[in-house]
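Okay, structure first, notes after.
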Amino acid sequence: MTISEYNRCVDHYSDGVFRFILKNFRDEDTSRDIVQDSFLKLWEKVSEVSFEKAKSYIFTTAYHAMIDRIRKEKYMEEPQPYFEHGHSEEIGFSDVKEVLDQAIRLLPDIQRTVILLRDYEGYSYQEIGDITHLSDSQVKVYIYRARVFLKNYIGKLENVI
């Protein structure tokens, strides 16, 4: 890959990778760090990665860095009690986007990842499989399960509005 091709990769894919990581991780600073680290790894392998494979390489690298960061934080995180001070707070939503974002946050990590790659980023089943190291059938199953969960969580649109 040439330097100009690398720069085109940064221009074309950095926003998409950032959105993908941010939807999964929900921390802008950490998401930016992961994107930057991913492009740094691409730069280090610029002579080995072809321009045609760069998009897949970037998303795969970012995905694995995100998973590593999530595992590290879960290991270091202390459990928080759900109810504090003896009272609970009712969750209210003002629009459909908030409901959908809440539902996506409740998905297991792998289902959240594949549904975001498919429905938000537009990847094919094969590309998602390459990024996550899953077979096409596993990707389809996880996407199906995620969509069923989202449908059941959201329910009818009239209930949300």
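Every number in this text was worked out from the coordinates using simple rules, so none of it is lab data. What you are looking at is a predicted structure, and each value in this text was computed from that prediction instead of being measured. Cβ: placed from backbone, ideal geometry, glycine included. Neighbour counts: every protein chain shown.
Could you give the Stokes-Einstein D for region 3-76 in µm² per second, using the C-alpha Kirkwood radius, 20 °C, 1.002 mPa s? It diffuses with D of about 173 µm²/s by this estimate.
What trypsin sites (Lys or Arg not before Pro) in region 1-44 are in a loop by DSSP, with at most 15 other Cβ atoms within 10 Å of the Cβ?
Arg26
The three principal axes of the C-alpha atoms in region 96-155 carry coordinate ranges of 31, 18, 15 Å, sorted with the longest axis first.
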